[in-house]
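Read through the structure below, which is laid out as structure tokens, and then see the notes.
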Amino acid sequence: VATRPGDGAATATELGRLGASTVYVAESSDVNEVLVEPALAALHQATREVKPAAVLLAHSLDGRDIAGRLAVRLDASLLGDVIDVARDGDQISTVHSVLGGAFTVVASANRGIPVITVRQGALEGSLASAEPKRVSMTIAPSASVRVVIDEVVPAAVASDRPALRSATKVVSGGRGMGSVSNFALIEQLADQLGAAVGASRAAVDAGYVPHTSQVGQTGVTISPQLYVAVGISGAIQHLAGMQTAKTIVAINKDPSAPIFEIADFGVVGDAFAVVPQLINALAARS
Ligand SMILES: Cc1cc2nc3c(=O)[nH]c(=O)nc-3n(C[C@H](O)[C@H](O)[C@H](O)COP(=O)(O)OP(=O)(O)OC[C@H]3O[C@@H](n4cnc5c(N)ncnc54)[C@H](O)[C@@H]3O)c2cc1C
């Protein structure tokens, strides 16, 4: 991990809580919110020292940026957007959901240490919290960091809900919600569950929510632990963005809606009757 000078100990403790047994810390004044170069340099150096079986990063914007450049620096294979990772001896293989989720492909790398980006939320499991061993590293200031950042102003965050791409739970609404004001029901259910809000393209096109909430082939591809689809028919382009979710719950008044073919749990009923009851039941349980 690359941190600002003085932040290394706290960051290592935080990673220990997530189960890290050893944390390589590079403190550098080059670290800021915008450039990935220090994180890339730190990871490159740690990878050369540790010689791991594989390097795993999140398939986030920064994760992809770092992974691509790291693979080039290591002259290694890059396996992107994987939904599972397996190890058989020295051989690492990865599972990919491709062509809109129509096929599942198993790939393995045969060049160097595989650099892997994992679809956020796709891997289950957790490690017991640990008191990590901290190894300090020094990374040379990068000659390629030529940009001087005077100020960083975070984009205004519209809500404190989890980000759609990395949320473990997502509640999505479709055209069946009927209007912007009705869509508030989706947001209430999401808040009750501590979930992110998603939507079908029809709901986005109808203006119920911004495009950033669109799940599917031309929107965001996600793999949460729980995906609740309300008033969404289950068009192939929507399924492409969410069918690798661990548990799928569908609420739709049409019993023949295709979403029920992939749902683990289905409720055939009117969203405006079912969802308020669900919210009340969840509120009573909490
Ligand atoms: C190139 C291309 C890319 C696309 N990309 C995407 C994409 O990224 N994401 C995406 O989602 N779509 C995408 N689409 C569009 C996709 O084909 C569907 O049109 C869209 O997903 C339908 O959205 P929907 O399920 O909300 O609407 P509909 O298909 O109209 O379904 C609405 C559902 O709501 C149910 N319903 C209605 N009223 C109620 C109620 N009161 N209670 C409960 N249920 C109710 C109905 O029974 C119906 O099943 C794409 C299409 C193309 C051609």
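The values are calculated or read from the model by the stated rules, or taken from the named source; none is laboratory data. Keep in mind that this is a model prediction, so the values were computed, not measured. Counting neighbours? That spans all protein chains shown, and the Cβs are built from the backbone with ideal geometry, glycine included. Side chains are part of the model used for accessible areas, which takes the heavy atoms of the whole protein and leaves out ligands, DNA and RNA. Shrake-Rupley method; radii C 1.70, N 1.55, O 1.52, S 1.80 Å.
For the stretch 207-266, a residue qualifies if it is out of contact with any Gly (no Cβ under 6 Å at 6 or more places or on another chain), among the aromatic types (Phe, Trp, Tyr) and over 12 Å from residue 173 (Cα atoms), and exactly one does: 265. Of the strands (runs of 3 or more DSSP E) contained entirely in the stretch 21-109, those carrying at least 3 residues that are without any contact (Cβ under 8 Å) to a residue 60 or more places away in the chain fall at 78-88, 91-98, 103-108.
Is there a residue in the stretch 161-177 that is in contact (Cβ under 8 Å) with a residue 24 or more places away in the chain, farther than 19 Å from residue 120 by Cα and polar (S, T, N, Q)? So far as the stretch 161-177 goes, no, none of its residues is in contact (Cβ under 8 Å) with a residue 24 or more places away in the chain, farther than 19 Å from residue 120 by Cα and polar (S, T, N, Q).
Any residue in the stretch 57-73 that is open to solvent by less than 70 Å² (accessible area, probe 1.4 Å), under 19 Å from the mean Cα position of the chain (by Cα) and among the polar types (S, T, N, Q)? Checked against the condition, which is being open to solvent by less than 70 Å² (accessible area, probe 1.4 Å), under 19 Å from the mean Cα position of the chain (by Cα) and among the polar types (S, T, N, Q), the stretch 57-73 yields at least one hit. For the stretch 202-226, filtered to residues that are under 15 Å from the mean Cα position of the chain (by Cα), closer than 24 Å to residue 274 by Cα and open to solvent by 20 Å² or more (accessible area, probe 1.4 Å), the residue that is nearest to the ligand (Cβ to nearest atom) is 226.
Mind checking which residues of the stretch 177-200 are crowded, with 16+ Cβ neighbours inside 10 Å, within 14 Å of the ligand (Cβ to nearest atom) and over 20 Å from the mean Cα position of the chain (by Cα)? Hits for the stretch 177-200 are 177, 178, 182, 183, 185, 186, 189. Quick check, is residue 275 open to solvent by 10 Å² or more (accessible area, probe 1.4 Å) and either near the ligand (Cβ under 10 Å from one of its atoms) or more than 24 Å from the chain's Cα centre (by Cα) (or both)? No; evaluated as a whole, the condition is false for this residue. With respect to residue 64, is the statement that it is among the basic types (Lys, Arg) and touching a strand residue (DSSP E or B) at 6+ places or on another chain (Cβ under 7 Å) true? When the stated conditions are applied, residue 64 passes them. I need the full set of residues from the stretch 227-262 which are small (Gly, Ala, Ser) and either within 11 Å of the ligand (Cβ to nearest atom) or over 21 Å from residue 166 (Cα atoms) (or both), in order please. Across the stretch 227-262, the qualifying residues are 229, 231, 233, 234, 235, 240, 241, 250, 256, 257. Just one of the listed residues (49, 124) is more than 17 Å from the chain's Cα centre (by Cα) and either acidic (Asp, Glu) or surrounded by 21 or more Cβ atoms within 10 Å (Cβ to Cβ) (or both), namely 49.
Under the condition of being touching a Phe, Trp or Tyr at 6+ places or on another chain (Cβ under 8 Å) and in contact (Cβ under 8 Å) with a residue 40 or more places away in the chain, the residues counted in the stretch 247-272 number 1.
A single member of 16, 6 is touching an Asp or Glu at 6+ places or on another chain (Cβ under 9 Å) and free of Cβ contacts under 8 Å to residues at least 24 places away in the same chain, and it is 6.
To keep it simple, each residue is scored yes or no on (1) at pLDDT below 90; (2) touching a strand residue (DSSP E or B) at 6+ places or on another chain (Cβ under 7 Å); (3) of a type in the set (Gly, Ala, Ser).
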residue	(1), (2), (3)
97	no, yes, yes
102	yes, no, yes
124	yes, no, no
128	no, no, yes
132	no, yes, no
137	no, yes, no
143	yes, no, yes
